[in-house]
Structure formats: C-alpha cells, structure tokens
Amino acid sequence: MTPRAVRSGVDGLLLAVVLAVIWEALHLVVGDLALTSPWQTALAAAALLRSPDFWPHAAETGGAVLRAYVLAVGLGLPVGVLLGAHRLSGEVAEPVLVALYSIPKIALYPVILLLFGIGMAAKVAFGTIHGVVPVAIFAMNAVRAIDPIHLRTARVLRLPPIALTRSILLPAAVPGIVTGLRVGFALTLVGTLMGEMFAAQRGVGYVLMQAMGVHDMKTILSVTLILVAVAVAVSVAMLRVDRRLHHGATPAA
Amino acid sequence: MSRAGWIRLGAIGALVAAVEALCRAGIVSPLRLLPPSAMVLGLGPLLTSATMLAQVARTLADVGIALALAVMVGFVVGAVLSALPRVRAVVEPLLVSYYAVPVFVFYPFFIVVLGLNRYPRIAIGFLLAVVAMIVSTLNGFDRVPPVLLKTARVLRLSRVETVRRVILPHAVLYVSTGLKLAVAYAFIGVIAAEFIMSGDGIGYEIAFAFNNFDNRTLYPLILLVLLVSSSLTLALHAWERRYVARQTTQEAR
Amino acid sequence: MRQPHAVLEGVTRVYPGTGDRPPLRALGPIDLTLAHGEFFAVVGPSGCGKSTLLELVAGLQTPTDGRVVFEGTPVRGQVPDGVGVVFQQDASFPWATVHDNVAFGLRQRGTPAVEVARRVQSALSLMGLAGFASAYPAQLSGGMRQRMCIARTLVLEPRLILLDEPFGALDQQTRLLMGDELLKLWRTTGATVLLITHALDEAAVLADRIGVMSARPGRLLDVIETHWPKDRDSRLLERPELAGITARLWAHLRRESMAALAPGGATP
C-alpha cells in the first residue's frame, strides 16, 4: 500500500476510535436511558443483522432508496445539464432551484401522502424530491463552468457534436456532476427514511419511528449505526471516484 | 426586472394557473390538493390568529437560535481546523459523509438530556447547519492565495494582524455559500423535529392539521413555510450576488 | 564611496526534499551588489530562480548558504523596513475598495487619516486610477489591478523596490508606457529598483545594469552595463546601442534557454 493509503487508513481508524471514546464518555455521563454504550449498540446491531425480522425492512428500504435515487438522477441530471448548457434557461431556473433546495421538504410530506397515498410510491416520491434538486444544481453548475476555451478548441479541431460531448464536455463536467450524485445519494437516503417514518408499516424508517416513539434508544442507535455504516461506505466509495475525477482538488461536501 | 426574471414569473404563473385549473375542474380532488387560490386566501386567517402567530414566532425564534449557534461555532471550528492540518485530515471524512447521517434520530436523545422543550429542536437544527458552515469556512481559509500572505509579510504585519486583516476578510467572502446552506438546514432541522415529535411550532401545526384531515389549515401552513424559507434563502442569494459578487472574480467564486 | 544598498554574498537556495522528491538546488551561489538608487534588472530562462532571488532579497525566503545584507543589516527571514514588493500574481485584497487597498499599509502604520487620503489620492492619480477609488478590484481589469498594487507599494515610499515581472500580463505597448511610468517614479523617489523580467528589451531600456542568469541552478553569468542617462524613457528604442545590448543578452540566454528546455533540463 502507498504511504498515503496507509496514512488515511490509520486516520480513519483514529477517527473511529476517538468517536467511540467520546460516545462512551457521553454514555457514562447521561446513562443508559439517554444513550446506549457503544459496545451494547454494536452488539444490538449485530443481533439485528442476524435477526430474520430485520431483513424484510432493510430490503423494503433498500428498494425504495434505489428507486428514489434512480428517479432523482434520471430527472435531475438531464435537467441540470440542459440548464447549464442553455444560458437563459439556467438563469431563469437558478433562483427556483436554490429556493427549492432550501425548502424543508418535510413540510411537503402531507402533500405527497395526499397525492400518492400510503405506501411505496409516497416513500419513493419523498426520497426523490430530496435528491433531485442537488443533482440538478451540481450538474448545472458543472456544465456552466466549462471554460469557453474548451469549446473554441473543439471548433478549431472541427469536432462534430457527439465527439465534442464525449471527449470534451463530459470529461470537463463529470467531476462536478459526480459531486452532485454523491450529495444527492445522501439526501435521497435520508429523505426516503423520513418518508418511511409515517404511514408505513414496513421499512427501516418505520422501525426507527416505532423505536423513537417508545424511547428505545438501543434500537434507535443500533439501526442508526447500521444506516450510518451503509451510508458512509457508499459515500466514501463515491468520494474516491469524486477525488480521482477532480485530480486532487478538494471536493465540496 | 431582467428578461430572465420575467420569464421566470411567467413560467411560475402558468404553472400555478394550471394547478388551479386542475383543482377547480375537479380533476384533482380538494381532499388531496387545495387550489392555490384557496391556499393563499387561507393565509389570512392564519396570520391573524394569535395562536398561529405565536407558533410561527416560536419556530422562527428556534431557527434563529440554531442558525446563530451554527454560524458562530461552525466558523470557529472551521478556522481552528484550517490551522491544524493534521487534525483536519483525520476529521475530514466525517465532515464529508456527515449529511448521510439521519440527524433527526438523535431527537429522543436530546429530549432525555435537554428536556421536553425547545432545546432538542434547536439542537437538531444546529447539528444540521453547523457542518455546512464548517466546510464553507474551511473552503474560505483554504483559498487565501499565497501571494496575499506574502504581501502581508512585505507589509510587515504580525501574525495576529495577518489573520485579522488579510486571512479573515478573505475567508468571510467565501462563507456566504455556507451561510445560505446553514439557513436552509437550520430551517429544515427545526421544522422536521417539530413535525416528528413535538408539541410546538409550525411543524407541529402541520402534522396536527394533517392528522385531522384539515386541508384548509394544512395547505396554507405549508405555503407559509415555503414562502418564509424561500424568501430568506433568496434574500441571502440576492445579497450575495450584489455585495459578495462584486468583490470576487468569476474564477475565484 | 557610499555603502552598497543591498548585498548578496554567496547566496544559495536549496529546497529541501519531501518524501517523493529529492532536494532541489534552485539558485546559486550568487554574489550581487546593489548600489543606492540604481535600477537593476534580472533576466534569465524559465525556472532559473529569478523569483526566488527576489524573495531572498526581500527576506521572504532565507538562503540555505551565504547571506543577504540590506542597509548594513543582515536579512533573516523577516522583511526589513523600507522594502516594497510588487508580485507577479494579483495581490489585490478583493474585500476592500481600491482606495482601501492602497491605504492599507499607511493605515497599518498609523498615518493620520488626512495624510492617508492625500497620499492615496496622489498615488491613484499617478497610476491613472483616480476615478476608481471606490471600485473593488474584481471590477477592474488585470492591468488596472496591477497598477493598483504598484500604487499600494509606492505610497509607502520604500527605499528598495522589488518587482517580479509586474507587467507580464500586459501587452507590449502598455508595457512600454508602464515602463516609462516606472522610470519616472524611480527618478522622483530616488529608490533602488530590482526588476525581474523576461522581456529583454524592457530590461535593456529600463535598467542601469542587467544581471543575466543561467539555467537552474541560477548563477549570474554576466552583468551588463547600459550607461544610459538617468533621464530616459522608451524612446531609447530608437537608439542603435539598444540592439547591441539586447543582442548580448540573447547571446547568453539563447544558450541557457535551450539548455533549460532540453530533456533532463531544468525547466519546471
């Protein structure tokens, strides 16, 4: 392994240890009722993963997140690219997108439920509305930011449109687009979870909501631990791709 | 207003008119979606009702506190991290994956620790907003061009003066992005917390209206939330364009 | 005879190696003396260490070997009082207006406000920026920003002015005019000037003496005296002697630049 990979591995381990220590300290201060200890949580998480009751929920959520993400990207990416490429449209749409990004989507939750009814459709819709906006915004900015000099270079090289897109536009815009995909995934995941918390009988969000209702901290924390582990793993993998595409520049969070 | 502004107004107007038509024609049932005109009219009784206004004020106050805390703490932490690169390297993956964590699950924890009052909600809003602030602060400090630091040395500024008169003003220019996000996230966090598990604030009122099938109250409330959060964000966006934009070149932004 | 204004004795600069790269000898050994009030230009191929030389004189870098002396005192890691630097990159403070940028150093020193206003106004007029006092640097062109940085340096009346390719971003005609302005300022202030440039004709017109540097690690191959009168400007381009000077410069630099560009050569 390269020295840098070793160092980042050690850093990651260090971070995990520090977090665990802080967690344990907090637990000792506030007690079991408020915060289960890290060790108990880990055990509970392992038990959950072994339990046959958990996996149907996980599958339900996983399916919902996947559908929501595909929709978010399928809608957000082309819209973002088009808005970035066509200057006037981008100018018209930008404040709208910024406003949409800042809206507390949970306020729209009742609307979604009323329009889609209870069930998978509502969950997916909720997840989608969380993810679609950042995907679009990042894609738009990535395409906009393409230096005009690249387009002029393409004209000098007399590239036809498809070659232009493939060999210049996409490579130039992909790093920014991937950042949007990464942020969009995190938000879609959280959005879908929130969507599952009400008016659902299945899914990890439902399990969470039940546990929150009775202050079952052990379940809350063990489920969250599993969720965070999955989300972070996906995020780190995407981050690696993001970093490589940016050739060393710091990616946005 | 610019040409883009007119187009935007026209497009939104057309959309609203279309929804209005669909509702009035009975294609979309009022049990699902209230016509936009009714939503707007419903704002009147809302804004004149003392109890409602009190709830709005409560939510805004909570958002304000969460935001103020997030901005101050976020800036300081960001500044400190930028001065300690080793620590920063360890913490960075946490910052980047942070938004994949469903922060709202810690609400019960905060209730146990802080009590059944407004502080858990503020805590959630704070937690969501603070990382956006930290990341954009780091960005601001990162981007101080070496030539400005050299200029500070040529002008024989002490370390403290360099931080105060060169690094800080420069970082502040780039912090406006984080500020926008912090506002949005503070809103999202507080309202989500209110919605999920609270007896107070607009989020709670929305949940209450929804559970009681009270569309006539529900939709105007949702509209109110959308209007408040959008106008705040857009006001910040406009301020950034006017004041910050004239201080930063296109490449730097 | 008066003491030299600045001296470099056996100065070398070696950048220490990191995990991936071996140590890099950027410069030296260099011996150079700057007389009070002279205009000295340095030319050399890319990567020869011209900017490093300037930063060593300014005290922004410390020599690995040898020493730098300014006004009789050794320069050690700190920029001495009386030194001004105009950098190649845009050093404008984006958050401050043009006026506040130029006033920055004066305010730093505690100069009274009335005096500050007067001197800033005069510096801006001199650099042709009088109408832009309340504009922000981002609203100015690159050339204007550079002029603002020069104004910011000059308003502090430095005794030694160091310029690192200040006109690099400008077109030839503007460069020649800016060069004339620089000469005027030099005559008025009586400061010593060290100018780094890659433009041979610029060095030949502006300078009393021109130091020619070799490819990396840069050493002084030659110092050419121009014998120009103090009262000069870009109309020197008409003079036949100018061609001779630039020819001598190019004779050195052609060889050094080719060496720098060759595979395994020193070009960064």
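The values are calculated or read from the model by the stated rules, or taken from the named source; none is laboratory data. Model, not experiment: these values are computed from the prediction. Heads up, the Cβs are rebuilt from the backbone with ideal geometry, glycines too, and the neighbour counts pull from every protein chain shown. Heavy atoms of the whole protein, side chains included, go into the accessibility calculation; ligands, DNA and RNA do not. Shrake-Rupley method; radii C 1.70, N 1.55, O 1.52, S 1.80 Å.
Data table
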| quantity | calculated |
| --- | --- |
| Dipole-positive endmost among A:M194, A:V135, A:P110 within the stretch A:108-222 (Cβ charges, Cα centre) | A:V135 |
| The protein assembly as shown: calculated mean residue ellipticity at 222 nm from DSSP helix runs of at least 4, using -39500 (n - 2.57) | -21000 deg cm²/dmol |
| Neighbourhood net charge (10 Å Cβ-Cβ; Lys/Arg +1, Asp/Glu -1) for A:K123 | 0 |
| Among A:G205, A:G76, A:G62: highest mean-square fluctuation, GNM of chain A, C-alpha pairs under 10 Å | A:G62 |
| Accessible area, probe 1.4 Å, largest first, for residues B:K150, A:K123, C:K184 | C:K184, B:K150, A:K123 |
| Chains A and B together, accessible area buried on both sides, 1.4 angstrom probe, square angstrom | 4900 Å² |
| Most fluctuating residue given options C:G17, C:G77, C:G105, as computed from a GNM of chain C linking Cα atoms under 10 Å | C:G17 |
| Charge dipole (debye, nearest 20) of chain B; +1 at Cβ of Lys and Arg, -1 at Cβ of Asp and Glu | 1120 debye |
| Cβ-based net charge around A:L33, under 12 Å, with every Lys or Arg adding one and every Asp or Glu removing one | -1 |
| Carbon plus sulfur fraction of accessible area for the stretch A:1-111, probe 1.4 Å, in percent | 75 percent |
| For the stretch A:181-195, 3J(HN,Hα) per residue [Karplus equation, 6.51 cos²θ - 1.76 cosθ + 1.60, θ = phi - 60°, Hz, x = Gly/Pro] | 5, 5, 4, x, 5, 4, 5, 4, 4, 5, x, 4, 4, 4, x |
| Residue-normalised accessible area of chain B, given per residue in Å² at a 1.4 Å probe | 46 Å² |
| About the Cα centre, charge dipole magnitude for the protein assembly as shown (Lys/Arg +1, Asp/Glu -1 at Cβ), debye | 740 debye |
| Ranking by accessible area, most exposed first, for A:L49, B:L236 with a 1.4 Å probe | A:L49, B:L236 |
| Residues with amide H under 5 Å from that of C:V85, placed H, sequence gap 5 or more | C:L162 |
| Summed buried accessible area for B+C [probe radius 1.4 Å, Å², rounded to 100] | 2200 Å² |
| Sequence-distant residues sharing a close amide H with C:V75 (under 5 Å, placed H) | C:V68, C:V69, C:F70 |
| Vicinal HN-Hα couplings computed from phi for the stretch C:2-19 (Karplus, 6.51 cos²θ - 1.76 cosθ + 1.60; Hz; Gly/Pro x) | 6, 4, x, 6, 9, 9, 10, 10, x, 6, 10, 9, 10, 7, x, x, 9, x |
| Choice from B:L127, B:L227, B:L31 showing the highest fluctuation, given a GNM over chain B with Cα pairs closer than 10 Å | B:L31 |
| Average beta carbon contacts from partner chains per residue of A:10-18, 10 Å cutoff | 3 |
| Lys/Arg +1, Asp/Glu -1 at C-beta; the stretch C:125-227 dipole; positive extreme among C:G218, C:V193, C:L129 | C:L129 |
| Dipole of chain B [Lys/Arg +1, Asp/Glu -1 at C-beta], most positive-end residue of B:I27, B:V101, B:L236 | B:L236 |
| Residues of the stretch A:100-132 with amide N under 19 Å of a point placed 7 Å along Cα→Cβ from B:R32 | A:108-129 |
| Inter-label distance for C:H227 and C:Q108, nm, one decimal - labels placed 7 Å from Cα along Cα-to-Cβ | 4.2 nm |
| Surface accessible to a 1.4 Å probe, B:Y243 within the full protein complex, Å² | 90 Å² |
| Estimated translational D of chain A in µm²/s (Stokes, Kirkwood radius over Cα pairs; 37 °C; 0.692 mPa s) | 160 µm²/s |
| C:S234, C:S214, A:S167, reordered so the largest accessible area comes first (probe 1.4 Å) | A:S167, C:S234, C:S214 |
| Whole-percent carbon and sulfur share, accessible surface of chain C, 1.4 Å | 53 percent |
| Per residue solvent-accessible surface (Å²) - the stretch C:22-92, probe of 1.4 Å | 36 Å² |
| At least 40 Å² of accessible area lost relative to the chain alone, listed for the stretch C:87-104 with a 1.4 Å probe | C:F87, C:F93, C:P94, C:W95, C:F104 |
| Whole-angstrom gap from the stretch A:157-206 to the stretch C:136-157, using each part's C-alpha centre | 44 Å |
| Cβ-placed point charges (K, R +1; D, E -1), dipole of chain C about Cα centre in debye, nearest 20 | 220 debye |
| Surface share of carbon and sulfur [accessible, 1.4 angstrom probe, percent] for the stretch B:1-67 | 77 percent |
| Globularity ratio of the stretch A:9-54, using Cα Rg and 2.2 N^0.38 Å | 1.37 |
| Exposure of C:E241 as accessible area (Å², to 10), given a probe of 1.4 Å and all protein chains | 90 Å² |
| Residue-normalised accessible area of the stretch A:70-189, given per residue in Å² at a 1.4 Å probe | 44 Å² |
| For the stretch C:50-56, 3J(HN,Hα) per residue [Karplus equation, 6.51 cos²θ - 1.76 cosθ + 1.60, θ = phi - 60°, Hz, x = Gly/Pro] | 4, 5, 4, 4, 4, 5, 5 |
| Shielded by partner chains, the stretch C:31-78 residues - at least 50 Å² of accessible area, 1.4 Å probe, vs chain alone | C:L60 |
